[in-house]
Amino acid sequence: MKAYVYGANGAAITDVPKPSPNGTQVLVKVHACGMNRADLGMIKGHVHGAAGGVGTVLGMEWAGEIVELGPDAKGFKIGDRVMGSGPGGYAEYAVTDYGRMFPVPASMDYEQAASLTLALTTMHNAVMTVGALQPGQSLLVQGASSGVGLMAQQIAKLQGAKLVIGSSTDAARRAQLTAHGADMAIDSNDPAWVDQVLKATDGAGVDVIIDQVSGKLANQNLAATKVLGRIVNVGRLGGTHGDFDFDLHAARRIQYIGVTFRTRSIEEIRDIFAKVKQDIWPAVESGKLKLPIDRVFAFGDIAQAVDYMSANRHFGKIVLKF
């Protein structure tokens with residue numbers, strides 16, 4: 001089968017053996033793949049959790065049709081249209097655990113389905129489970145113009161948030177945030193952004209920050225979070241290290257919580273997928289929760305798609321189509 005593989009001379013489309021499902025796995029014929037920021041590091045040879053390095057089939061989310069079931073796979077049958085996550089998504093066929101998939105709603109095409117799995121699971125967990133956002137509370141998403149960021153805004157609104165604030169350092173993308181769940185958009189490069197958030201929250205700060213940037217924003221985030229608020233560290237696009245005001249953290253009694261799929265067991269991941277189905281699936285089926293697709297590339301044009309994502313000018317998701 002054709003797959004996008006990191007090799008000794010970099011990443012390229014290569015012929016590799018088609019995988020076979022075993023145990024609780026399912027084999028899917030992939031029709032579309034969603035691209036994610038973490039893919040860029042692995043395309044350069046970096047390790048992401050247990051995945052990465054020479055010989056790695058790249059990609060982390062996809063949508064397609066089940067063609068084979070492992071003996072212990074549950075809840076699906078051959079021919080089902082599914083979207084899911086797991087290693088090896090940039091390929092004609094992918095395997096994953098049965099608990100890492102959703103059924104594709106009848107009215108949804110594969111391109112939209114391929115864009116949703118990681119955004120839904122990451123941000124349902126960050127906003128509702130870990131961030132514990134309650135109806136009437138306020139939320140700020142740092143790095144809101146990405147697919148996962150836009151989903152965080154929409155889930156917060158679905159959860160009944162009173163105020164949703166999204167950040168982007170790009171004026172054109174910032175202008176689009178209010179069409180996708182934000183009540184207010186800020187530029188986190190503007191030194192006045194904390195004051196803007198405090199003004200919008202009557203001086204208190206937001207209840208929850210979903211932080212995909214980290215780095216230099218750490219202390220500003222603390223200042224923009226209310227007493228007894230929560231900061232969920234989802235991503236570190238602005239840097240993995242930075243100054244941290246421990247005194248401000250203590251004075252505001254903030255819960256600062258880190259999340260990642262890289263250290264979760266398959267049982268924990270299955271639980272996250274089950275909670276998405278339980279809490280927000282009707283909004284997915286109705287199209288209320290969806291993501292803008294910036295551009296669709298043919299799988300054979302994946303090199304151009306990688307360049308396009310690396311340029312960081314897109315809004316929403318980039319999708320590959322077979």
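How long is the gain from residue 198 to residue 228 if the chain were fully straight, where each residue apart is worth 0.36 nm and the alpha carbon distance is subtracted?
Here the segment from residue 198 to residue 228 would lengthen by 9.3 nm.
I'd like the distance between the alpha-carbon centres of the range 8-39 and the range 103-174, rounded to an integer number of Å.
When both Cα centres are located, 26 Å separates them.
Got a sec to turn the phi values of the range 189-204 into Karplus ³J(HN,Hα) couplings, 6.51 cos²θ - 1.76 cosθ + 1.60 with θ = phi - 60°, whole Hz, x for Gly and Pro?
For the range 189-204, the Karplus curve yields 7, 7, x, 8, 5, 4, 4, 5, 5, 5, 4, 5, 10, 6, x, 7 Hz.
For a quick check: with amide H placed at 1.01 Å from N, whose amide H comes under 5 Å from residue 289's, ignoring anything fewer than 5 positions away on the same chain?
Long-range HN contacts for residue 289: 284.
Please report, as a whole percent, how much of the solvent-accessible surface of the chain comes from carbon and sulfur atoms (probe radius 1.4 Å).
Result for the chain: 51 percent of the exposed heavy-atom area is carbon or sulfur.
Keeping every protein chain present and rolling a 1.4 Å probe, give me the accessible area per residue for the range 121-221 in Å².
Here the residues of the range 121-221 average 33 Å² of exposed surface.
Strictly over 18 Å apart at the Cα level, which of 157/317; 44/290; 29/77 would you flag in this model? Walk me through the numbers on the way to the answer.
Working: 157/317 20 Å; 44/290 30 Å; 29/77 13 Å.
Over 18 Å Cα-Cα: 157/317; 44/290.
Nearest 0.05, what FRET efficiency do residue 264 and residue 236 give at R0 = 22 Å with Cβ-Cβ as r?
Computed FRET efficiency for residue 264 and residue 236 comes out at 0.80.
Tabulate in residue order the Karplus-calculated ³J(HN,Hα) for the range 7-13, using 6.51 cos²θ - 1.76 cosθ + 1.60 with θ = phi - 60°, rounded to whole Hz; enter x for Gly and Pro.
x, 4, 10, x, 8, 7, 6
How large is ³J(HN,Hα), in whole Hz, for each residue of the range 268-285 in order, when computed from phi with the Karplus curve 6.51 cos²θ - 1.76 cosθ + 1.60 and θ = phi - 60°, using x for Gly and Pro?
With the stated coefficients, the range 268-285 comes to 5, 5, 4, 5, 5, 4, 5, 5, 4, 4, 6, 9, 10, 4, x, 6, 6, 4 Hz.
Apply the a/c threshold of 1.5 to the C-alpha gyration tensor of the range 121-170 and tell me whether it is rounded, prolate or oblate.
On the way: a/c = 2.13, a/b = 1.36, b/c = 1.57.
Oblate, since a/c reaches 1.5 and b/c is not below a/b.
Please list, ordered by chain and number, the residues whose modelled amide H lies under 5 Å from the amide H of residue 161; skip anything fewer than 5 residues away on the same chain.
Answer set, sorted by chain and number: 136.
Roughly what would the spin-label model give for residue 184 and residue 304, points 7 Å off Cα along C-beta, in nm?
Using points 7 Å along Cα→Cβ, the separation is 4.2 nm.
How long, wide and thick is the range 1-157, going by the Cα atoms along their three principal axes, in whole angstroms, largest first?
Principal-axis extents of the Cα atoms in the range 1-157, largest first: 52, 38, 26 Å.
Let me know the whole percent of all Cα-Cα pairs from the range 216-322 that are separated by more than 17 Å.
In whole percent, the share of Cα-Cα pairs in the range 216-322 beyond 17 Å is 72.
Non-local amide H neighbours of residue 68 (under 5 Å, H modeled in plane, Pro and chain starts lacking H): which ones?
27
Counting only heavy atoms of the protein chains, get the accessible area per residue of the range 258-322 (1.4 Å probe) and round it to a whole Å² value.
Counting only protein heavy atoms, the per-residue value for the range 258-322 is 52 Å².
According to the Kirkwood expression over distinct Cα-Cα pairs, how big is the hydrodynamic radius of the chain, in Å?
Kirkwood radius, the chain: 20.0 Å.
The values are calculated or read from the model by the stated rules, or taken from the named source; none is laboratory data. Note that the structure is a prediction, hence the values are computed from the model and not measured. Quick reminder, even Gly has a Cβ in these numbers, built from the backbone with ideal geometry, and neighbours come from all protein chains shown. Accessible surface areas use protein heavy atoms only, side chains included; no ligands, DNA or RNA. Shrake-Rupley method; radii C 1.70, N 1.55, O 1.52, S 1.80 Å.
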